[in-house]
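Engineer: I have a structure here, written as structure tokens, and I will follow up with some questions on it.
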Amino acid sequence: MTELVNRVNERLPDLEVLSLEPLTGGACQDSFVAVVDVGTGPGRWVLRSDASGHLPGSLQRRDEYPVIERAHAAGVKTPALHGLYEDLVRDGASAYFMDYVPGIAIGRKVVAGDELAAVRPNLLRALVAELAIVHSITPNCGLALAEPERDSALEVGAVAANLSLHHRALDALDRPMLELGLRWLEDNQPIERPLVLNHGDFRTGNFQVDPERGLTAVLDWEFAHWSSPADDLGWLMVRDWRFGVVDKPAFGLGARAELLAAYEQRTGTAIDIAEVHFWEVMGNLRWAIGAIH
């Protein structure tokens, strides 16, 4: 890490990085816990940089940065940012610093670990509250959101934009069963809803939970896009995000009906089970494609 610390410091005129420790996970970015000194003594931030590869539809850090800024300004519990940089960790890669927020993100601990038992009963509603703030952000807010590898939902609608993304991904694969899933989606399209900001990966494993304070941070915005609110709701119900608690489709924490009732109470928007089922199937197709990549 010494070589990387030296490289980063050569490119930062206004702060000093004392150490970097890699964080595990993340196919779209390289992440490090950074001990930094901005002139007032050492503190901990997180440094996130573009990885050498990416998944279909994912944002680069330069495009993710304004999304996080907007969400943080709206009141979402997402870490504050501290500067966007080019070529910081490696040539051609954008990177940013953000606050380090303590908490537990490991999925199996979130849904079943003893250390979070005291805060787990309130966690589903806390997550719905954060998602409601995310969905309060609409295209007329001025956020210029990149939409890589998909048709613009602003032009064709959320359903068509997501189908086009998966069409392109499957064109490069020989997977008849996934093609069958795509055909089912084409035959069962729901109504197009007004577009809202979707986090794009709002599920167990991408938020931090403190054993005493509960939900502390929403993380990982690299799949943010304009879409139907039901898109985020279906994705969080994908079976893999239940981490073994398969009888609780909503984050591995509760029932579908419980989540949708809480969402309607918080937002005033009613979304029925059938519509969410469409987006859950879409989410399973997306996850299957991502796993192959």
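Engineer: Being in contact (Cβ under 8 Å) with a residue 24 or more places away in the chain, outside the structural domain of P42 (by TED's automatic domain parsing) and among the hydrophobic types (A, V, I, L, M, F, W, C) narrows it down to one residue among L127, L88; which is it? Full working, then the answer.
Structural biologist: On the way: L88 fails: outside the structural domain of P42 (by TED's automatic domain parsing).
Unique residue meeting the criteria: L127.
Engineer: Mind checking which residues of the range 135-160 are touching a His at 6+ places or on another chain (Cβ under 8 Å) and at pLDDT below 85?
Structural biologist: If the condition is that a residue be touching a His at 6+ places or on another chain (Cβ under 8 Å) and at pLDDT below 85, then E147, R150 are the ones that fit.
Engineer: What are the residues in the range 142-164 that are in a helix (DSSP H, G or I) and surrounded by 19 or more Cβ atoms within 10 Å (Cβ to Cβ), if any?
Structural biologist: Across the range 142-164, the qualifying residues are A153, A158, V159, A161, N162, L163.
Engineer: Answer yes or no as to whether R203 is at pLDDT 95 or above and either aromatic (F, W, Y) or out of contact with any Asp or Glu (no Cβ under 7 Å at 6 or more places or on another chain) (or both).
Structural biologist: yes
Engineer: Among all residue pairs at least 6 apart or on different chains, which show Cβ distances below 7 Å where the first residue, located in the range 96-118, is among the hydroxyl-bearing types (S, T, Y) and the second is surrounded by fewer than 16 Cβ atoms within 10 Å (Cβ to Cβ)?
Structural biologist: Y96/G83; Y100/V33; Y100/R44
Engineer: Among the residues of the range 266-293, write down those that are outside any helix (DSSP H, G or I) and either on the phi < 0 side of the Ramachandran plot or surrounded by 15 or more Cβ atoms within 10 Å (Cβ to Cβ) (or both). Before the answer, list the steps.
Structural biologist: Taking the range 266-293 first, the residues outside any helix (DSSP H, G or I) are 268-272, 293.
Selection gives T269, A270, I271, D272, H293.
Engineer: Across the range 12-37, what is the number of residues that are assigned to a loop (DSSP other than H, G, I, E, B), surrounded by 14 or more Cβ atoms within 10 Å (Cβ to Cβ) and more than 17 Å from the chain's Cα centre (by Cα)?
Structural biologist: 2
The values are calculated or read from the model by the stated rules, or taken from the named source; none is laboratory data. What you see is a predicted model; the values in this text were computed from it and never measured. Every residue, glycine among them, receives a Cβ derived from its backbone with ideal geometry; neighbour counts consider all protein chains shown.
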